[in-house]
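Peer 1: Attaching a single structure in structure tokens format; questions to follow.
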Ligand code: KG4
Ligand code: ZN
């Protein structure tokens, strides 16, 4: 049996993530052999958001130690057959560290380089096999699939007809869902980026039956009849709601966090309902940091159950940025496409119509 092993590198933001993944011949799924991550997240706490200059300098510092660590675990560079790397979208200084390292290694080792769009990468976390049982149950997604990408910078709905055909169906016109969580967390709870998880915790503390006053936030563009979305007005509405409160007590904050989470989840669920009804997919695949949110998982599970379509959500560890998903996308989606060595080719093979690279 032929096995293909890749070193995967993901450096689009403040994380330096590397992994070695493998695909056994004709098996539609990916196994993880080793993983390593360095992050500069804590360095950005003071500033309340990622400072690109700081993030890229930390990428430079971390990249070779993390590459060495994951390679050592599998027995060295001889054990890998190629390199997969995120080429965008992301912070350009951070991306460059990963891309240039990958190119240099590909050249030195004379091994192929697989360029991956970060957003498509998020969806491929759904092709990662966690256990033998998982593999036996044959739980990998089937095409056509509707994909929802909900990350810190992007909210997109796509139609995947095959590994090579990914068509953009709609998305946010302004802020991403994750961005709305992050900015709202800052307004409401005063927590730094990334604040999505803090909103979820506050929302969980909200006692639904003891509410004194129901604050209803808008569900922007929910009834627009298409797959377009908008989240920037929601954080403004939240800011107004916080100002109209006489006293922003802990329980009021929890209540507003709950309401914000409901508003975002309602819009995403309504748009996915429409996409599923329009395209009758065999699977729904969701990826990106925001799908770590339990309320969103719950609502998507209910929706897919009601519409009788199989839902795939990655394990928590592969929802936020990681290199395993990039390795999975390299092996399954890019392998059959051309293997790029030059920058021009990298850009050419990774453009998915409508999905941004920057
Ligand atoms: O995919 P990701 O790790 O990075 C990007 O590619 O942007 O996503 C990060 C985003 C942040 O906006 C973060 O607040 C959000 O995912 N996030 C969450 C949760 N965990 C992470 N949003 C809501 N609830 C969560 N539990
Ligand atoms: Zn991401």
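Peer 1: To make sure I understand, if each residue's beta carbon is the centre and we count other beta carbons within 10 Å, what order do 14, 266 fall in, fewest to most?
Peer 2: 266, 14
Peer 1: Specify the residue with the greatest mean-square fluctuation among 28, 45, 245, computed from a Gaussian network of the chain linking alpha-carbon atoms under 10 Å apart.
Peer 2: Of 28, 45, 245, the most mobile in the Gaussian network model is 245.
Peer 1: Still on this structure, I have one more. Only helical DSSP H runs with n ≥ 4 go in: add -39500 (n - 2.57) per run for the chain, normalise by residue count and round the 222 nm mean residue ellipticity to 500 deg cm²/dmol.
Peer 2: -13000 deg cm²/dmol
Peer 1: Please give the contour-minus-distance gain from residue 54 to residue 298: 0.36 nm per residue of separation, less the Cα-Cα distance, rounded to one decimal in nm.
Peer 2: Going from the current span to full extension adds 84.2 nm.
Peer 1: Using Stokes-Einstein with the Kirkwood hydrodynamic radius over Cα pairs, what translational diffusion coefficient do you get for region 272-326 at 10 °C and a viscosity of 1.306 mPa s, in µm²/s rounded to a whole number?
Peer 2: Diffusion coefficient, whole number: 134 µm²/s.
Peer 1: Evaluate Rg over Rh across the chain, taking Cα atoms for both radii and Kirkwood's formula for Rh.
Peer 2: Rounded to two decimals, Rg/Rh equals 0.98.
Peer 1: For a quick check: sort 78, 156 by the number of other beta carbons within 10 angstrom, fewest at the front.
Peer 2: Values: 78 9, 156 27.
Lowest to highest Cβ neighbour count: 78, 156.
Peer 1: Residue 162 to residue 39: FRET efficiency via 1/(1 + (r/R0)^6), r the Cβ-Cβ distance, R0 41 Å, to the nearest 0.05?
Peer 2: E(calc), rounded to 0.05, equals 0.75.
Peer 1: Note the full-extension length gain between residue 3 and residue 249 as 0.36 nm times their separation in residues minus their Cα-Cα distance, in nm to one decimal.
Peer 2: 82.8 nm
Peer 1: I've got another one for you. How do 172, 39, 301, 11 line up, fewest other C-beta atoms within 10 Å first?
Peer 2: Lowest count first: 301, 39, 172, 11.
Peer 1: What is the spread of the Cα atoms of region 1-72 along each of their three principal axes, largest first, in whole Å?
Peer 2: The Cα atoms of region 1-72 stretch 51, 23, 14 Å along their principal axes.
Peer 1: Provide, as a two-decimal number, the C-alpha radius of gyration of region 151-248 over 2.2 N^0.38 Å, N being how many residues it has.
Peer 2: Computed over Cα atoms of region 151-248, the ratio equals 1.28.
Peer 1: While we're looking at this one, here's another question. Roughly what % antiparallel, to the nearest 5, for the DSSP beta bridges in the chain? Let's see the in-between values first.
Peer 2: Working: 28 of 47 bridges.
If we restrict to bridges inside the chain, about 60 percent are antiparallel.
Peer 1: Here's a follow-up. Which order, highest average first, do 191-199, 60-68 follow once you tally other Cβ atoms within 10 Å for each residue and take the mean per peptide?
Peer 2: Ranking the peptides 191-199, 60-68 by packing returns 191-199, 60-68.
Peer 1: Label points 7 Å out from Cα along the Cβ direction at residue 306 and residue 277: separation in nm?
Peer 2: My value for the distance between the label points is 1.0 nm.
Peer 1: I'd like the Kirkwood hydrodynamic radius of region 231-344, using the inverse of the mean 1/r over distinct C-alpha pairs, in Å. Could you put the intermediate results ahead of the total?
Peer 2: Numbers: mean 1/r = 0.0584 Å⁻¹.
So the Kirkwood estimate lands at 17.1 Å.
Peer 1: Scale the Cα Rg of region 96-189 by the rule-of-thumb value 2.2 N^0.38 Å and send over the ratio, two decimals.
Peer 2: Its radius of gyration relative to the 2.2 N^0.38 Å reference: 1.41.
Peer 1: Using 1/(1 + (r/R0)^6) with R0 = 41 angstrom and r between the beta carbons of residue 78 and residue 46, what's the FRET efficiency to the nearest 0.05?
Peer 2: 0.45
Peer 1: Which semi-axis lengths, in whole Å and largest first, follow from the square roots of five times the eigenvalues of the Cα gyration tensor of region 31-103?
Peer 2: For region 31-103, the semi-axes come out at 25, 14, 10 Å.
Peer 1: If I model a spin label as a point 7 Å beyond the Cα along the Cα-Cβ vector, how far apart are those points for residue 143 and residue 96 in nm?
Peer 2: With each label point 7 Å from Cα toward Cβ, the separation is 3.6 nm.
Peer 1: Turning to a different aspect of this structure: Packing-wise, with mean Cβ within 10 Å as the measure, how do 217-226, 252-261 rank, highest first?
Peer 2: Final packing ranking: 252-261, 217-226.
Peer 1: Where the centre of each part is set by its Cα atoms, how far does region 183-205 sit from region 1-40, in angstrom?
Peer 2: Their Cα centres are 31 Å away from one another.
Just so you know, all these numbers are worked out from the coordinates, no wet-lab data involved. These numbers come from a predicted model, not from an experiment. All Cβ positions, glycine included, derive from the backbone under ideal geometry; neighbour counts span all protein chains shown.
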